[in-house]
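Asks: If you scroll down you'll find the structure; I have some questions about it.
The values are calculated or read from the model by the stated rules, or taken from the named source; none is laboratory data. Model, not experiment: these values are computed from the prediction. Positions of Cβ are backbone-derived with ideal geometry, glycine not excepted, and every protein chain shown enters the neighbour counts.
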Amino acid sequence: MSASTARKLPITPSEYLEGELASEVRHEYIDGKVYAMSGASAWHNQICGDIYSILKNHLRGGSCRTFIEAVKVELSDDLGNAFYYPDVFVTCEPVSDDTHVMREPKLIIEVISPTTGRNDRGEKLNAYKRIPSVEEIVLVEQDWPEIFVTRRSDRWKKHHFTQMESPVELQSVGLTLNVADFYQSNPFPEDVQRPFYLRFREDG
């Protein structure tokens, strides 16, 4: 985002997209406001890379494509306009001239860190549900083995996994993985647990 654009708020989607092309720092855009994204840890990056590689290999040769971290998805409806950078996502939309924005993600995966967890479980999850093409949203905890799959059917349903051998079905792409597959580069110690202060958290 250029300095001149960042000072003038609210900005239009087109101003945001133009500024983002020239910016060395990625920003997400929500209804005229921009939010700089902080750098990710090596642990976070490895988990994203593992998931991306699994999906890319699984979908190789088909019409769907997998993206990681640096490509935006757009949300545009009567409630507002936003651009997000999911950690990993899959889209089956036709190839277009716009190589920086996808508008029909099918599967979205976010790897949750302590600093992003509240936003990923709340505002961002609810925003992704508003994208008509989205079939599944997966939240992967970074620091302990825990995965939430939120799937669209007649209503949104959440599925929760904490055991390393538990099968996690990604119906949107026809793939079933074990929880351990999401953490293959960073296996956890056997005694790792969800932090005490989160053990009784309501996950709606």
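Asks: Taking the condition of being out of contact with any Asp or Glu (no Cβ under 8 Å at 6 or more places or on another chain) and buried (at least 22 other Cβ atoms within 10 Å of the Cβ), how many residues in the stretch 111-126 meet it?
Replies: Qualifying residue count, the stretch 111-126: 0.
Asks: How about the stretch 34-81: which of its residues are touching a Leu at 6+ places or on another chain (Cβ under 6 Å) and either modelled with pLDDT under 95 or among the β-branched types (Val, Ile, Thr) (or both)?
Replies: So the first thing to find is which residues in the stretch 34-81 are touching a Leu at 6+ places or on another chain (Cβ under 6 Å), and the list is 58, 66.
Once the filter is applied, which keeps residues that are touching a Leu at 6+ places or on another chain (Cβ under 6 Å) and either modelled with pLDDT under 95 or among the β-branched types (Val, Ile, Thr) (or both), the stretch 34-81 yields only Thr66.
Asks: With respect to the numbered conditions (1) of a type in the set (A, V, I, L, M, F, W, C); (2) free of Cβ contacts under 8 Å to residues at least 60 places away in the same chain; (3) touching a Cys at 6+ places or on another chain (Cβ under 8 Å), which one is the sole condition not fulfilled by Val173?
Replies: (2) is the only condition that Val173 fails.
Asks: Find all pairs meeting these conditions: Cβ atoms under 8 angstrom apart; at least six residues apart or on different chains; first residue within the stretch 1-19 and not assigned by TED's automatic domain parsing to the domain that holds Lys72; second residue at pLDDT below 60 and outside any helix (DSSP H, G or I).
Replies: Within 8 Å, the pairs are Tyr16/Met1; Gly19/Met1; Gly19/Ser2.
Asks: Condition first: in contact with a strand residue (DSSP E or B) (Cβ under 8 Å, 6 or more places away or on another chain) and over 23 Å from Asp143 (Cα atoms). Now tell me which residues in the stretch 96-127 satisfy that.
Replies: Hits for the stretch 96-127 are His100, Val101, Met102, Arg103, Glu104, Pro105, Lys106, Ala127.
Asks: Here is a follow-up. Out of the stretch 19-75, which residues are in a helix (DSSP H, G or I) and among the basic types (Lys, Arg)?
Replies: Narrowing the stretch 19-75 to residues in a helix (DSSP H, G or I): 19-22, 42-59.
Scanning the stretch 19-75 gives a single hit, Lys56.
Asks: Within the stretch 4-21, identify whether any single residue is hydroxyl-bearing (Ser, Thr, Tyr) and farther than 25 Å from Val134 by Cα, and answer yes or no.
Replies: Pass one, the stretch 4-21, residues hydroxyl-bearing (Ser, Thr, Tyr): 4-5, 12, 14, 16.
Within this subset, residues satisfying the condition of being farther than 25 Å from Val134 by Cα are 4-5.
Looking through the stretch 4-21, at least one residue is hydroxyl-bearing (Ser, Thr, Tyr) and farther than 25 Å from Val134 by Cα.
Asks: Among the residues of the stretch 82-119, which ones are within 16 Å of Ile47 (Cα to Cα) and at pLDDT below 90?
Replies: Ser113, Pro114, Thr116, Gly117
Asks: Among the numbered criteria (1) closer than 19 Å to Thr115 by Cβ; (2) modelled with pLDDT under 95, which one does Met1 miss?
Replies: Result: Met1 fails condition (1) only.
Asks: With the requirement that a residue be surrounded by 15 or more Cβ atoms within 10 Å (Cβ to Cβ) and either touching a residue at least 40 places away in the same chain (Cβ under 8 Å) or among the aromatic types (Phe, Trp, Tyr) (or both), what does the stretch 88-101 give you? Reasoning before the result, please.
Replies: Here is the first cut: in the stretch 88-101, the residues surrounded by 15 or more Cβ atoms within 10 Å (Cβ to Cβ) are 88-92.
Answer for the stretch 88-101, where residues must be surrounded by 15 or more Cβ atoms within 10 Å (Cβ to Cβ) and either touching a residue at least 40 places away in the same chain (Cβ under 8 Å) or among the aromatic types (Phe, Trp, Tyr) (or both): Val88, Phe89, Val90, Thr91.
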